[in-house]
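As C-alpha cells, the structure follows; a few thoughts come after it.
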Protein chains: 4
Amino acid sequence: MIGDPAARVVVAGASGFAGALAAQLVWGHPRLELTAVTARSDVGTRLDRLYPRYRVPLELTELDMGEVADLDAAIVAYPHAASAPVVAEMRSRGLKVVDLSADFRLRDLETYEKWYGKHPNPELLEGAAYGLTELNRDSLRGADLVANPGCYPTAAMLALAPLVEQGLIADVVINAMQGISGAGRGGGDAMHYVTLTENAFAYKVEAHRHTPEIEQSLRELGFDRPVTFVPHLIPLDQGELVDCYVTPTREVTTDELRSLYAERYADEPFVRPVDDPPGLRDVRDTNDCHVHVAVSGPKIVAIAAIDNLWKGASSQAIQNLNLMLGLDETEGLIRGG
Amino acid sequence: MIGDPAARVVVAGASGFAGALAAQLVWGHPRLELTAVTARSDVGTRLDRLYPRYRVPLELTELDMGEVADLDAAIVAYPHAASAPVVAEMRSRGLKVVDLSADFRLRDLETYEKWYGKHPNPELLEGAAYGLTELNRDSLRGADLVANPGCYPTAAMLALAPLVEQGLIADVVINAMQGISGAGRGGGDAMHYVTLTENAFAYKVEAHRHTPEIEQSLRELGFDRPVTFVPHLIPLDQGELVDCYVTPTREVTTDELRSLYAERYADEPFVRPVDDPPGLRDVRDTNDCHVHVAVSGPKIVAIAAIDNLWKGASSQAIQNLNLMLGLDETEGLIRGG
Amino acid sequence: MIGDPAARVVVAGASGFAGALAAQLVWGHPRLELTAVTARSDVGTRLDRLYPRYRVPLELTELDMGEVADLDAAIVAYPHAASAPVVAEMRSRGLKVVDLSADFRLRDLETYEKWYGKHPNPELLEGAAYGLTELNRDSLRGADLVANPGCYPTAAMLALAPLVEQGLIADVVINAMQGISGAGRGGGDAMHYVTLTENAFAYKVEAHRHTPEIEQSLRELGFDRPVTFVPHLIPLDQGELVDCYVTPTREVTTDELRSLYAERYADEPFVRPVDDPPGLRDVRDTNDCHVHVAVSGPKIVAIAAIDNLWKGASSQAIQNLNLMLGLDETEGLIRGG
Amino acid sequence: MIGDPAARVVVAGASGFAGALAAQLVWGHPRLELTAVTARSDVGTRLDRLYPRYRVPLELTELDMGEVADLDAAIVAYPHAASAPVVAEMRSRGLKVVDLSADFRLRDLETYEKWYGKHPNPELLEGAAYGLTELNRDSLRGADLVANPGCYPTAAMLALAPLVEQGLIADVVINAMQGISGAGRGGGDAMHYVTLTENAFAYKVEAHRHTPEIEQSLRELGFDRPVTFVPHLIPLDQGELVDCYVTPTREVTTDELRSLYAERYADEPFVRPVDDPPGLRDVRDTNDCHVHVAVSGPKIVAIAAIDNLWKGASSQAIQNLNLMLGLDETEGLIRGG
C-alpha cells in the first residue's frame, strides 16, 4: 500500500463467487483497504481457506451494521430482494455502495416487480446509477449508489452500443453462452461435475431476467423494441461469449463496422475491438471485453467476450468504485503494468 | 452375426474421426460385414490401436480398387474434391456409396464451385440423393449414391423442418456450437488441448460452407432467402447444439409449436421433441436428435442437439446405408433394445 | 430379446450412478429382462428422464418386497449398512443377488465393523462370494449372493494378481486416480463443477475403506503385509487409473513381466495386457481392464485402467450375474460383436 | 515502474509456454525492464497476439547477440542442447542468465550425456548454480548462471526435503501427475484436445529424464539410492501434483511429521504446509507450493502441489533472478499484496 488508502471497504456476501473475487480485488488494490468480509454462510471460515486460489487472510463474519458504520464504502453481493435492505441501511450510515444484485438495475419499479417480485426499497431506485461503466461514466463519477449490471447485459451492450448509437439496429437476437461459475455456488446435482462435463444446453429459453435489463439499456440509446435473448451453459469455469445478430437499418460493410468500433472504443482502457473472433481465454481473469463485428449473410454479427466473474461482476464493481471515489478508473485492475 | 450379411462393406478414409466411427458401426452392425478399412495415412496400423475406444481389429490398408470391386457398398470419408473421383470409380464398379464429403451435397454446380473450387466429377451430381434421412427418406430407399449431409445442416434442418413446412419462417438466424471432434484430426497448435480447454469462440463468422447447404434444404421446403449461420467451438469432445432464431410469419404460441413438433416427429425413431432444452450428453454416442421449440420474445427459438460424429456424420451414414440396402432403418443403431 | 429371458431382474437403488448403469445394462442384455427399477429418491421419475443418456423407459418405484418376490435376481446398489437388510430379505425370498455395497466384501466381521460400523446381517457373510470375476470365477458360477468388489480393489488386484501369484511382491504402494463419477451423486459444493474443473487432489490419504479389501485379496493369494493406498480425484467423468509400485522379491526384467502377464491373462475376455501405458479413454464405457507392467528403477510398476462405473461397478455386476445364472460370462457386455 | 529498473532483461525462446510466461512476469515486474523477446518461431508476431491471455505488447524477434550484449540479464527457454551455446555466448558478454533447459542441471557430465546426449558446453557446468530456490538459496544470491530445475524435481524435492534432511528416508517412490501445458507446444495429434479430454495415462514409465535430477538433489542431502519416478498426464491445463511414498527409517507419526514440515518451511514465502491434501487450483497461476504430509499404512506420504508453468518453470526463474540481482526474492511474484 502506497500512502493512505482512499477508502476503507467492506465486502458483504463474500462467501459467493462474485463476493469472494470482489474481496480479492479490494485486497490487492493499491488504494483500497479491505476492512471486513461478511457472509450469511461459512461465518468463522477464513476466506483463503474457502477460496485458496484467492489470497485474503480474513475471517468471514456476520454483517454488523454498527461495525461497518464508520467505513467509507461497501460492495454488496447478496441475492436480489435480500440486498436492498442492506444497501439502504449502509446508505443511511453514509457508505458509498456498489450493489451486485438486480435490486437497483431496473429504473422502472413495475418492470422490477414483474420479474423479481416486490421491491423492498423502491425509494432508492431513483438515486442509483447504472454501472455499465463505458456507457454511463459521467453519472458514476462521485456516485453514492451504483447498481452493477448483470453479466449478460454488460457483454451484450458493449457489443451493441456502437450500432445502437448509430441507429443501425432494426432488430436484434442475442445468443449467449457462459461458464459454470455464472450459476453461482450451490445448485446441488444440477451443478455436479458429472452433470456438466461434456455437456452444453440452453436455459430459461422463454424468459430470462436479464432481458428487461438489456432492453432498458437499448431503449436509453434509442432502440425501443423487444429483444430475444437465450443463454446457455458450456463446460468451462469462467467466461462469457455473447453473439448479437442484428438486422441492420441500412446496408453496411464489415470494414465500415470495424472502423466504427475502432473509433467508438479508441479511448476505452478495457474494451478492445479485435479482428479475429475473440476467445474466452483471452479475457479470463481480466476486466477486459473483446468485441468483434462483421457482416454475416443478411445480418450484422457483434460478439463480445468477457470473464463473467470479472467484467461481468466483481472487477466492474471495482472499476465503478474507483470512479465513485475519484480514483483512476483502472486502479487495481491492470496486471503487469 | 445372425444369418448371411446383407452387404459386404469397405470404409475408405477410416483413419479420421468420422471414418473410424463408421467402421466401428459397420463392425457392430448385425447385417453388415466390414471387409476392409482403408486410409491415406496410418496404413499398416490396426484400427483398434489407432482408436482403442473402438473395437475394430482390422489393419488400415491403402485403397485398392481391384480388391474392393466385388464388395457391395462403401462409406467414403475423404475430404471434398478428393472424394468425388474415388466415389466415381466405386460407382463404376457397382458399389453403393455413402459419401461423407461435401462433393455431392449441393445440387447446383455453380454454388459448389463458388464454395469448394472445381468439381472433379460433376456428372454424378444429378444421381446423388441427399441423405438427411428424415427429410428425404423416399429418395434414399434403394439409392446407389447418397451424399451424407454436413453436421450443421443436419441439426439445423431437423430443428427448422416443421416450421418451414408450415410456412412459418419469415427470417432465420442460426447459432451453432460444436465439440472439438468436429474439427477433425490434425490442426496442430490450433487443436492443442491447452488452446481449447477453458475456451470458446466463433469461427468462420462471415461465411461457412454449410450455409449454402442449409439454404438449399430450406429452399426445397419453400423458404428462399439467405440465412445467417455462425458456428462456435466449445470445450468438449462430441456434441453439437444448434439454436435457430426464427422471425415468424404470424403469431404463434409455444403450445402450438410443441404440438406441431410432436406431430411432425411422432413416427421418427431418432428424433425426439423434448420439453426441456436438450443437453449434449443426452444424445452423445447415439443417432438421436433432440429438438426443443419455444416462443422467446418476438422470435421462435428451435434448438436441436445431436452428436456431431454420429447423427452429424457416421451413424446417419449407416441409417442411410440401411435404406439403400432395403434394411430396417434402425438396424445397428439402437443400443440395448 | 431372442427367446425366453434367462432371468427377470430388479435393480434396487437405480437412482444413483452405479444403479442406473446396471439398469441400462440389464435393459440391453439379450438374456435378461429388466422388470423393475426402484430407488429411495426420485420415485415416480422415469429413468430415461433422470439419465437421458441411458435408454430405460421405466419409472422408478419404491422397493416393494412383495412385488419382487417372484423375480429371479436383483442387483442392489444401496449404501453400506442400508444394503444388507434388503439383501437378506431378497435372499429369503429366493432371489439371487449381486450387492454393489461393501456389506459382504470383507470376510472378517471385525474388520468390517472397524471400517464401516455395526454389520446388520453378519449371518450372510459366510455365504457370499467375492465377485472379482477373474480371480474367483469358480466360486461365482451358480452362486446365490455375490459381493461386487470396490472399484479400486478391482483395478489394483487385476494389476497385482500375476505378481502376487508368483510370490514376486515384497512390498506394495498403490496410487490411484479416479474420475468424478466415482464420488457418486450428491456431495454439494464439493462436487460443484467449479470446484473440480482444472483441479486434482488426493483424499482419504491416511485411511481409505478399500485398503482392507485390497489387503484381504492379497492375503488370499499369499501376500500378508499392510499396503499403502492413496486415491485421487482428477477432472474427468468416468475412468480409474491405478499404479502399483512393487518392491520385487527378486530381480526381474520388463520382458519377463510382460510374458507373465500375457500368459496369465491369455484367456480372459476382458483383461488385456498392453505394451503402452493404458489411457482411460481406451476402456471408457466398457468392461475392459487394460494392464501394463514394467520395471522402473528399483520397482515393478503395474498399472491398470478401468471404467470405474463399468468394470469397477455395474458391468462387473452383470459379468457376475451371468455366471450366477449359468450364462456366458460376456453376454450383454461386448459391443459390436 | 517505480524508480530505475534493477536490470534490463531479454527472454529468449519466448514463443513457448514457459518462455511466454517468463516474458509476462518480467513485463509485470516492478524492478525489471523487458527489453526484448526473441524466438526461433513466430518471429514478427506480437507476443500478445500469440498469447492474448498475457499482456506483452512486444514483437518476437530473432535473437541477435549484438543487440542483447548491453543488457543485464537473460532468461533462456530453449530445448536442451540448443540452450547451452546461447547461454555460453550470453555469459561471455556479461549477462546473468537463468537457463530453463536441462543443460546445466546435472553436475555430472557423464550422467548428462547418458540422458541427453553430447553436452555442447561442459566447461560451464561447474559455474552453474542449481535453482531450486528453497534448497540452494545461498548459492543463488549474486550467481551469474542458474540452472532452473525441472518441474517434477521442484515439486518432489519440496515434498521430500524435510524428510531427507532428517535422515527419514529408507526408500522412495514418486508418482506424479501433470496438466497438459507441461508437454509444451507442438506435439500434433498426441496433444489434440480430443486425444486428451476425458483421458489420463502414464508416460515414460521405465525412464524419465527428471529421475537423475531428483536423485542428484537427494544425494546432496544424504540419500544415495535410486528412486522410482512415474509421471502421468491428466486432463487440465496448468498444475502438477507429486506424491512421494517414503519407507521411513524409523517409526513416525503424522503429528510429528506435520510439526517437522511446519518448522522447516516456517520462513519460506512460497511454501505452505497444509493439513488437507492440496488441490491444483489452490496454487494455479502462483509461485506457491503446498505440501502435505501424513502417515498412510506403512509409508509416509508427502504430497506437493505446484503450477508446473510457474513454480515449476517461469516464476521460479524470476525468484532466482531476483536473488541473482540482489532484489527481494518475492518481487513481482506476490499478487494483491
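No value in this document is a laboratory result; all are computed from the given coordinates. If you're wondering where the values come from, they're calculated on a predicted model, not measured in any experiment. We place every Cβ from the backbone using ideal geometry, glycine too, and count neighbours over all the protein chains shown.
A few notes on this one:
- If only the Cβ of Lys and Arg carry +1 and only the Cβ of Asp and Glu carry -1, the dipole of the protein assembly as shown around its Cα centre is close to 0 debye.
- With all projection directions averaged, the alpha carbon convex hull of the stretch A:228-269 covers 5.0 nm².
- Kirkwood estimate for the stretch B:1-100, i.e. one over the average of 1/r between Cα atoms, Å: 13.3 Å
- Most mobile of A:Asp72, A:Asp103, A:Asp224 in a GNM of chain A (Cα contacts under 10 Å): A:Asp224
- Computed from the C-beta positions of B:Arg250 and A:Arg258, the FRET efficiency with R₀ = 41 Å rounds to 0.65.
- In chain D, the sites counted are GluC sites (Glu not before Pro) in DSSP loop states with at most 14 other Cβ atoms within 10 Å, and the longest stretch holding none of them, exclusive of the sites, is D:63-205.
- Per-pair calculated FRET efficiency, R0 = 60 Å: A:Glu206 and B:Arg46 via Cβ, rounded to 0.05: 0.75
- Among A:Gln166, A:Gln238, A:Gln178, residue whose mean-square fluctuation peaks in a GNM of chain A (springs only between Cα atoms under 10 Å): A:Gln166
- Residues with amide H under 5 Å from that of B:Ser296, placed H, sequence gap 5 or more: B:Val301
- From the alpha carbon centroid of the stretch B:37-109 to that of the stretch D:24-79 is 48 Å.
- The alpha carbons of the protein assembly as shown stretch over 86, 82, 65 Å along the principal axes, in descending order.
- Rg over Rh for the stretch A:13-57 works out to 0.93, using Cα positions for both radii and the Kirkwood form for Rh.
- Euclidean distance between Cα centres, the stretch C:119-157 to the stretch D:268-337, Å: 44 Å
- Stokes-Einstein diffusion of the stretch D:151-216 at 25 °C, 0.890 mPa s viscosity, Kirkwood radius from Cα pairs, rounded to a whole number: 174 µm²/s.
- Stokes-Einstein diffusion coefficient of the stretch A:34-75, Kirkwood radius over Cα pairs, 4 °C, 1.567 mPa s, in µm²/s: 119 µm²/s
- Residue order for B:Ile303, D:Ile334, fewest other beta carbons within 10 angstrom first, comes to D:Ile334, B:Ile303.
- Under 5 Å, built H, 5+ apart or other chain: amide partners of A:Leu60: A:Gly44, A:Thr45, A:Arg46, A:Leu47
- Largest-first principal axis extents of the Cα set of the stretch B:83-161 (Å): 36, 31, 17
- Exposure proxy shown here: for B:Ser41, C:Ser296, the number of other Cβ atoms within 10 Å sets the order, fewest to most, as B:Ser41, C:Ser296.
- Longest to shortest principal axis, alpha-carbon extents of chain A, angstrom: 59, 46, 45
- Charges were assigned to the Cβ only: +1 to each Lys and Arg, -1 to each Asp and Glu. The resulting dipole of the stretch D:183-244 about its Cα centre is roughly 140 debye.
- In order through the stretch B:28-36: 3J(HN,Hα) via Karplus (6.51 cos²θ - 1.76 cosθ + 1.60), integer Hz, x for Gly, Pro: x, 7, x, 10, 10, 10, 7, 8, 7
- Hydrodynamic radius by Kirkwood, which averages 1/r over all alpha carbon pairs of the stretch A:182-246, in angstrom: 13.9 Å
- Exposure proxy shown here: for A:Lys311, D:Lys299, the number of other Cβ atoms within 10 Å sets the order, fewest to most, as D:Lys299, A:Lys311.
- Once divided by 2.2 N^0.38 Å, the Cα radius of gyration of the stretch B:76-118 becomes 1.14.
- In this structure, the amide hydrogen of D:Val271, modeled 1.01 Å from its nitrogen in the peptide plane, lies closer than 5 angstrom to those of D:Cys289, counting only residues at least 5 positions away or on a different chain.
- Only Lys, Arg, Asp and Glu carry charge here, each on its Cβ (+1 for the first two, -1 for the last two); on that basis chain A has a dipole of about 440 debye about its Cα centre.
- From phi via Karplus (6.51, -1.76, 1.60), per-residue ³J(HN,Hα) for the stretch A:293-310 in Hz, x at Gly/Pro: 9, 7, 8, 9, x, x, 10, 8, 10, 10, 10, 10, 10, 9, 8, 4, 7, 8
- Ratio Rg/Rh [Cα only; Rh per Kirkwood] for the stretch A:102-219: 1.00
- Of all the options B:Leu106, B:Leu63, B:Leu196, the one that moves most in a Gaussian network model of chain B with Cα springs shorter than 10 angstrom is B:Leu196.
- Other copies of D:Asp4: label-to-label distances in nm, shortest first, labels 7 Å along the beta-carbon direction: 3.4, 9.4, 9.9
- Phi angles across the stretch C:229-244 convert, under the Karplus curve 6.51 cos²θ - 1.76 cosθ + 1.60 with θ = phi - 60°, into 3J(HN,Hα) values of 9, 10, x, 9, 9, 10, x, 8, 8, 10, x, 8, 10, 10, 9, 10 Hz, Gly and Pro given as x.
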